[in-house]
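A.B. asks: I'd like to ask you about the structure that follows.
Each value in this text was obtained by applying a stated rule to the coordinates, not by laboratory testing. This one's a predicted model, so the numbers in the text were calculated from it and none came from an experiment. Because the Cβ atoms are built from the backbone with ideal geometry, glycine has one as well, and the counts that use them run over all protein chains shown.
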Amino acid sequence: DTDRRELPLDAVLAASRHVLDHVAVDSTNERNFAERLESAEEVVVYAKLPKGFSIPTPGGGYNPDWAIAVETAETRSLYFVAETKGSTMKEALRGDEKQRIDSAAAYFRDVADRVTFSQVSDYDQLMQLISA
């Protein structure tokens, strides 16, 4: 099967809240993020979105990293997290990447009022957005 690839052991995390029993991570920051999702009581379920999941943008398809369902005392919400890089500084992104993220944010504002789309650097920043 050409779609299967061998991953280093540190690139795969055993998971209980993920839609699958393991999640592949691309970086240390993604691994840390997934570990926090696993241990967070408010996370109902999450998915590392497959490469084939794409949001249409003028600059081409954009593939967000995560879909996360979170339940707090007030509400249950679905959050798409664009990137889980160490920084949320727009200047740190390549031009085409910034354009796609901005376009995806506009897409969700316009067509999906129950989905929040954002770029976060870590789990704590995600929770700040949720509680805002």
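A.B. asks: Spin-label point model (7 Å from Cα, Cβ direction): what's the residue 19 to residue 44 distance in nm?
C.D. replies: 1.4
A.B. asks: Still on this structure, please answer the following. If amide hydrogens are placed 1.01 Å from N in the peptide plane, which non-local residues have theirs closer than 5 Å to the one on residue 45?
C.D. replies: So residue 45 has HN proximity to 69.
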